[in-house]
Amino acid sequence: MTSILEIEDLVLSYGAAAAVRGLTLHIAPGEVVTLIGANGAGKSTTLKGIVGLVKPTSGGIRFEGRSIVGKRTDWLARNGLALVPEGRRVFAGLTVVENLDVASAASGLRGSDLKAAIAEVLEIFPRLGERRDSLAWTLSGGEQQMLAMGRAIISKPRLLLLDEPSLGLSPKLAIEVVHLISRYSREHGLSVLLVEQNARLALASSDRGYVLETGRIVAEGPASTLGDEPEVRKAYLGS
Ligand SMILES: Nc1ncnc2c1ncn2[C@@H]1O[C@H](COP(=O)(O)OP(=O)(O)OP(=O)(O)O)[C@@H](O)[C@H]1O
Ligand SMILES: [Mg+2]
């Protein structure tokens, strides 16, 4: 298997309006790939299409070599493909540990496996460990983002889709969150598709990147050189 994810000529529409218009991309096992694009370019729609929240009009999506078109989001989450959606979705009235408990139980973990999985997440995100018994609504934005990611990785996905994990965070916390993602990927061989407004930050922690404009890929390349292309620099890196 050369790619963990292969998307071919994907079209995603809301009613008659196509938001993604023939998108092709791939992710190799262990790769961190960034999807860059302006507001409304179709980044979130792409992630929703991959996990079955938006039904493809046409095109192919293969995960670990098998077509996943038509698979349900919860089935995909239990089978190695998880999405952390835009806006931190945590249960505000539950504690950190209870949030992780619900997520791990949903992924089928029980007993000592469940306890071990929660302990591991609290180790990866020490800030969460310190606040393990705090209600989620009392956490800072960055801590809630870490909790949302913790909930996603507790079932040990092989591909994680992240929609703007640094949104609303201070520059310092944004850097911390993105670095945690790339470090976790390196250490666990996790593949990541990352959508980020902060293109500079995202590319600095990625292997490769794609630029999406009105539903089409207009540039792609290694993260180290993608930012050198004048168009990309001007439009997304502010220089
Ligand atoms: N539920 C929906 N119904 C109708 N149109 C939608 C819906 N969600 C998104 N769109 C439209 O699809 C296009 C792509 O939206 P999408 O949310 O994928 O953009 P995005 O790249 O994630 O933008 P942002 O950076 O603002 O999050 C936009 O024109 C948007 O208005
Ligand atoms: Mg979006």
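Since every read-out is calculated from the coordinates, none of them should be taken as a lab result. For clarity, every value in this text was computed on a predicted model and none was experimentally measured. Backbone-built Cβ (ideal geometry, glycine too); neighbour counts: all protein chains shown.
Would you compute the Debye intensity of segment 1-120 from its alpha-carbon atoms alone, equal scatterers and no solvent, and pass along log10 I(q)/I(0) at q = 0.16 Å⁻¹ to two decimals?
At q = 0.16 Å⁻¹ the computed log10 ratios are -0.88.
Identify the residues of segment 71-93 with backbone N under 19 Å of a label point that sits 7 angstrom from the Cα of Ser134 along the Cα-to-Cβ direction, or state none.
88-93
Between 0 and 90 degrees, rounded to the nearest ten: what's the tilt of helix 141-153 against the longest Cα principal axis of the chain?
Tilt relative to the chain: about 90 degrees.
Could you check what % of the DSSP bridge pairs in the chain are antiparallel, to the nearest 5?
Working: 23 of 41 bridges.
Bridges in the chain that DSSP calls antiparallel: roughly 55 percent.
In whole Hz and in residue order, list the ³J(HN,Hα) couplings for segment 155-170 that follow from phi through the Karplus curve 6.51 cos²θ - 1.76 cosθ + 1.60, θ = phi - 60°; x for Gly and Pro.
8, 6, x, 9, 9, 10, 9, 10, 9, 6, x, 9, 4, x, 8, 5
When Ser107, Ser166 are ordered from fewest to most other Cβ atoms inside 10 Å of their Cβ, what list results?
Fewest-to-most ranking of Ser107, Ser166: Ser107, Ser166.
State, to one decimal in nm, how far the label point of Leu94 lies from the label point of Arg216, with both points 7 Å from Cα in the Cβ direction.
Computed distance between label sites Leu94 and Arg216 equals 4.4 nm.
On the Cα set of segment 120-239, report Rg and Dmax in Å, please.
Every Cα atom of segment 120-239 included, Rg and Dmax give 15.4, 49 Å.
What number comes out for the charge environment of Leu53, summing +1 per Lys or Arg and -1 per Asp or Glu over other residues with Cβ under 15 Å away?
Once all neighbours under 15 Å are counted, the net charge is +3.
If each residue's Cβ is checked for other Cβ atoms within 10 Å, how do Tyr236, Tyr14 rank with the fewest at the top?
Tyr14, Tyr236
Using the Cβ atoms and a cut-off under 13 Å, what net charge is assigned to the surroundings of Thr214, where Lys and Arg are +1 and Asp and Glu are -1?
Residues close to Thr214 contribute a combined charge of +2.
For a quick protection proxy, order the peptides 201-212, 136-147, 216-227 by their average other-Cβ count within 10 Å, most packed first.
201-212, 136-147, 216-227
Could you state the number of Å between the C-alpha centres of segment 1-58 and segment 121-135?
A separation of 32 Å, based on Cα centres.
Report, as a whole number in µm² per second, the diffusion coefficient that Stokes-Einstein gives for the chain at 25 °C and 0.890 mPa s using the Kirkwood radius over alpha carbon pairs.
Once the numbers are plugged in, D ends up at 136 µm²/s.
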